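Take a look at the structure set out below.
Please treat every number below as a calculation from the coordinates, not as lab data. Computed from a predicted model, the values in this text were never measured in an experiment. Counting neighbours? That spans all protein chains shown, and the Cβs are built from the backbone with ideal geometry, glycine included.
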Ligand code: 13P
């Protein structure tokens, strides 16, 4: 039996209580262990995000779902964990991931005309809700590049956001307001005024993509203005690479993969703990 939950209740409570749940993207088994360990230590709910690319890399949706469930059982994980498809590219892919046991999906048709985006999101919502899964959709376009998904920043339109929430019935709204996937230099130009307006008009928990590198003062403002989920990926990858690189640089004789990669995964756990502290989700499990 699956121990996973969807993200509906998690995000509703987070929005009411003024904190955000982190979505951490996973890439393999040890990555998942590192994040489950961090979540359990912090007693924080977490969302494990899987892009289609990462899903393929790990052997497909059923492999990922089986792996996460087995790890939760073996590690005796007690915190709420949602397994979420990040940036699903079609209705069919979302259905495939739900059928494989994912408890949440994002349909990202943000580059399509809004009517098409809403209609497809509605179809995913009907399928997902019948099976206990939650749904996120994107309006406007998050900038940068992630796993081949490229976007030039386009701010979300208030009326389109209201329509998406009302007509499609989604559980979380990624309203793009200046954030960027991947490494960033300086501070992103986030639309805080629009954020507040969209949050108040839709009442939906907002999702901030491109969480890596956003300074704490902007994160806090985004949470105050309705963000209940913040996605973090690049920062974890950078920390992992730093740990592995240091190990290899410091020991020319090392070859056991478990030893080579260990400090990378320890760094992921440490980074995730810092992030959850910043988002205010510690002890909210
Ligand atoms: P970053 O890689 O910039 O943290 O973005 C993650 C993300 O938004 C996943 O959807």
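Overview of values
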{"item": "0 to 90° range, to nearest 10: angle between helix 257-279 axis and the chain longest Cα axis", "result": "40 degrees"}
{"item": "Ranked by how many other beta carbons lie within 10 Å on average, peptides 123-136, 215-228, 75-88 from highest", "result": "75-88, 123-136, 215-228"}
{"item": "Theoretical gain in end-to-end length, residue 189 to residue 115 [0.36 nm per residue, Cα-Cα removed]", "result": "23.9 nm"}
{"item": "Per residue convex hull volume, Cα atoms of the stretch 136-285, in Å³", "result": "137 Å³"}
{"item": "When the stretch 27-173 is reduced to its Cα atoms, the Kirkwood hydrodynamic radius in Å", "result": "15.9 Å"}
{"item": "Along principal axes, Cα extents of the stretch 182-261, largest first, whole Å", "result": "59, 24, 16"}
{"item": "Residue order, fewest to most beta carbons within 10 Å, for 138, 41, 160", "result": "41, 160, 138"}
{"item": "Relative contact order %, the chain, counting alpha carbon pairs below 8 Å whose residues are six or more apart", "result": "21 percent"}
{"item": "Calculated SAXS-style log₁₀ I(q)/I(0) at q = 0.20, 0.23, 0.26 Å⁻¹ - the stretch 14-77, Debye, Cα scatterers", "result": "-0.79, -0.97, -1.13"}
{"item": "Descending Cα extents along the principal axes, the stretch 104-204, whole Å", "result": "43, 31, 24"}
{"item": "Stretchable slack from residue 238 to residue 28, in nm (0.36 nm times residue separation minus alpha-carbon distance)", "result": "74.1 nm"}
{"item": "All Cα pairs of the chain, percent lying beyond 22 Å", "result": "54 percent"}
{"item": "Estimated FRET transfer efficiency when R0 is 35 angstrom, pair residue 246-residue 123 (beta carbons, to 0.05)", "result": "0.15"}
{"item": "Estimated inter-spin distance, residue 277 and residue 167, nm [label 7 Å along Cα→Cβ]", "result": "4.5 nm"}
